[in-house]
Amino acid sequence: MTLEQIAEEIRSHTGCGSEPCETCTSFVPGEGSPDADVVIVGEAPGAREDATGRPFVGPAGRLLDGLLAEAGLERRHVFITNVVKARPPGNRDPRAAEVAHHRPWLEAQLAVIRPRLVVPLGRHALRHFAPDARIGEAHGTLVGEGLFPLYHPAAALHNPRLRETLLRDARALGAALG
Ligand code: URA
């Protein structure tokens with residue numbers, strides 16, 4: 001399967017009868033390079049993403065773009081996606097059953113790209129890859145073989161100290177990539 005075929009499958013998904021698949025405006029499969037060394041994984045789309053069908057295009061996305069630049073990366077050279085491909089109503093946290101429902105799509109994307117590093121953003125995304133890791137300890141470090149967690153940029157929007165930490169961690173990501 002190609003990334004575009006996976007995206008098409010996600011966009012045409014219908015009839016499961018569950019939130020957020022049935023309540024979203026657009027599915028947000030993710031976007032970027034099939035040859036990406038780095039896959040960025042957020043939790044779930046927000047309002048702007050739901051309206052446009054694109055990941056991280058709101059305020060957190062602008063901060064993410066700055067972090068990528070700090071790491072020496074460009075958006076078009078990485079792949080950006082979320083664990084859950086549809087916006088939960090009211091931006092509530094995705095439920096375990098919803099994560100399980102969407103997980104095969106993320107696994108399929110990762111199997112196609114085979115990145116050097118997966119960068120989960122925030123504790124919810126991190127839990128998906130390393131259930132026992134804590135974001136407060138794991139952020140900005142290489143965890144296991146190919147996991148490099150960062151704090152979620154949305155958490156830093158109103159917290160200048162966390163923003164500094166994120167910028168430092170993004171530079172560490174760039175160094176880990178060599
Ligand atoms: N927050 C996320 O976790 N994902 C997005 O796509 C946008 C905001």
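Since every read-out is calculated from the coordinates, none of them should be taken as a lab result. What you are looking at is a predicted structure, and each value in this text was computed from that prediction instead of being measured. Note that each Cβ is placed from the backbone with ideal geometry, even for glycine, and that neighbours are counted across all protein chains shown.
In what sequence, highest mean first, do 78-84, 158-164 appear when ranked by Cβ atoms within 10 angstrom? List each step's numbers first, then the result.
Values: 78-84: 25.6, 158-164: 11.9.
Those peptides, ordered most packed to least, come out 78-84, 158-164.
For the chain, what relative contact order do you get, as a whole percent, if you take Cα pairs closer than 8 Å and at least 6 residues apart?
Details: 318 pairs, mean separation 43.8, N = 178.
Relative contact order here is 25 percent.
Taking Cα centroids, how far is the stretch 97-125 from the stretch 2-25 in Å?
The stretch 97-125 and the stretch 2-25 have Cα centres spaced 15 Å from each other.
Gain in length, Asp37 to Arg116, computed as 0.36 nm per residue apart minus the alpha-carbon separation, to one decimal in nm? Don't jump to the answer; show the numbers that get you there.
Numbers: separation 79, 0.36 × 79 = 28.44 nm, distance 0.50 nm.
Computed gain between Asp37 and Arg116 is 27.9 nm.
Applying a 10 Å radius around every beta-carbon, put 96-108, 64-76, 14-26 in order of their mean neighbour count, most first.
The most tightly packed comes first, giving 64-76, 96-108, 14-26.
Is any residue of the stretch 100-132 close enough, with backbone N under 15 Å, to a label point placed 7 angstrom from the Cα of Thr2 along the Cα-Cβ axis, and if so, which?
112-113
So between Glu74 and Arg92, what do we pick up on full extension, going 0.36 nm a residue minus the alpha carbon distance?
3.5 nm
Summing +1 for each Lys or Arg and -1 for each Asp or Glu, what net charge is found among the other residues whose Cβ lies under 14 Å from the Cβ of Arg116?
Details: positive: Arg114; negative: Asp35, Asp37, Glu145.
Net of charged neighbours comes to -2.
With +1 on the Cβ of every Lys and Arg and -1 on the Cβ of every Asp and Glu, and nothing else charged, how large is the dipole of the stretch 3-177 about its Cα centre, in debye rounded to the nearest 20? Display every interim value, and only then the final one.
Values: 20 positive and 22 negative charges, 87 e Å.
Computed about the Cα centre, the dipole is about 420 debye.
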